[in-house]
1. State all residues of the range 129-168 that are among the basic types (Lys, Arg) and either in contact with a helix residue (DSSP H, G or I) (Cβ under 8 Å, 6 or more places away or on another chain) or surrounded by 13 or more Cβ atoms within 10 Å (Cβ to Cβ) (or both); if no residue qualifies, say none.
2. Tell me, which residue of the range 75-109 that is surrounded by fewer than 20 Cβ atoms within 10 Å (Cβ to Cβ), part of a helix (DSSP H, G or I) and of a type outside the set (Lys, Arg) is farthest from the chain's Cα centre (by Cα)?
3. Of the conditions (1) farther than 18 Å from residue 195 by Cβ; (2) assigned to a loop (DSSP other than H, G, I, E, B); (3) more than 14 Å from the chain's Cα centre (by Cα), residue 119 fails just one. Which one is it?
4. Pairs only if they're at least six apart or on different chains, beta carbon under 6 angstrom, first in the range 173-186 and farther than 8 Å from residue 13 by Cβ, second of a type in the set (A, V, I, L, M) and buried (at least 18 other Cβ atoms within 10 Å of the Cβ); list them, first residue then second.
5. Could you look through the range 4-49, keep only residues that are aliphatic (A, V, I, L, M) and within 21 Å of the chain's Cα centre (by Cα), and pick out the one that is farthest from residue 77 (Cα to Cα)?
6. Restricting to the range 54-74, and then to whatever is of a type in the set (S, T, N, Q) and in contact (Cβ under 8 Å) with a residue 12 or more places away in the chain, can you tell me which residue is surrounded by the fewest Cβ atoms within 10 Å (Cβ to Cβ)?
Amino acid sequence: MTLLSLFPTRIYSAPLKKGGLERFNRDLIDECDGLRLADLAGQAWSAKNYPGGYTSYGSHDRLHCISSGFAVLEKAIDPHVKAYAKALGYDMRGRRLEMTDCWVNMMAGPVTHGLHLHPLSFISGTYYVQTPRGAAAIKFEDPRLDRLMAAPPKRDDLPPREKLHYSVKPRAGSLVLFESWLRHEVPPSFTRQERISISFNYAWRDQS
C-alpha cells in the first residue's frame, strides 16, 4: 500500500531574538498603554467590535510606519519572515517581502478573537509582548474542515499533523508566523492581567 502525505500546513514559531527581550517588551507595553489612552477612535471601535479589550486594528494598523519602537520590531521580524518564506518553498528571486499592516491587541478576562483569516496578505503573524499565566493560545483550523462533510470524528490519540485543530501556546518574546489563508482564533483567557500581542501582515513585491 502507498500512503502519501501531501499539501502540508506549516506554522513557524521562534524567539524574536536571542537577548534583551525583557527590556524590549517593557518598552512595548508602555507604548501600547500610551497608544490605547490616546486612541479615542480605537477605543470606540474596540467597544463595538472587540468588547472588553482593545485593538488598534480599526484605527492604527500601520504602527511600524509611525512609531520607532514598532519599526524596530519590524526590523527584528523581517529575517524570520524571509526564513519562513524560504522554508515554504516560495521563489523569492527578484521579489521582496514588505510588512503592510501592524496593530496591537490587548485582551483579558473573557475577551475572544473570533475565527478569521487575513485576506490580501501573504504571510501573517503575531508577536507576544505579555502573556500572563493562563493566557489563551492561538488556535489554528485545518483548512479542509469545511470540505470534510460526511467524515466521522477523528481519534483523540492522533499526532498534531492529523488533527483538525492545533493550538500554539503564547510565550512573551516569541513569534508565530503562518500563511495568511489559514483560519485561526483566540478563545477566552479568563486572566486578570492583559494578554498583549502585536499582529502583522506581509505582502510580496517585485523588486524595482
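Quick note: the coordinates plus some simple rules give every number you see, no bench work behind them. Being a predicted model, the structure only gives us computed values, none of them experimental. All Cβ positions, glycine included, derive from the backbone under ideal geometry; neighbour counts span all protein chains shown.
1. Filtering the range 129-168 for residues among the basic types (Lys, Arg) gives 133, 139, 144, 147, 154-155, 161, 163.
If the condition is that a residue be among the basic types (Lys, Arg) and either in contact with a helix residue (DSSP H, G or I) (Cβ under 8 Å, 6 or more places away or on another chain) or surrounded by 13 or more Cβ atoms within 10 Å (Cβ to Cβ) (or both), then 139, 154, 163 are the ones that fit.
2. In this case the residue turns out to be 87.
3. Single failed check for residue 119: (3).
4. Final answer for the pair search is 173/16; 184/138; 186/136; 186/138.
5. Of the residues in the range 4-49, the ones aliphatic (A, V, I, L, M) are 4, 6, 11, 14, 16, 21, 28-29, 35, 37-38, 40-41, 44, 47.
Now restrict to residues that are within 21 Å of the chain's Cα centre (by Cα): 11, 14, 16, 21, 28-29, 35.
Working: 11: 15, 14: 10, 16: 7, 21: 13, 28: 15, 29: 18, 35: 21 Å.
Checking each candidate, the answer is 35.
6. In the first step, residues of the range 54-74 are kept if they are of a type in the set (S, T, N, Q); the result is 55-56, 59, 67-68.
Next, only the ones that are in contact (Cβ under 8 Å) with a residue 12 or more places away in the chain stay: 55-56, 59, 67.
On the way: 55: 24, 56: 25, 59: 16, 67: 18.
My answer is 59.
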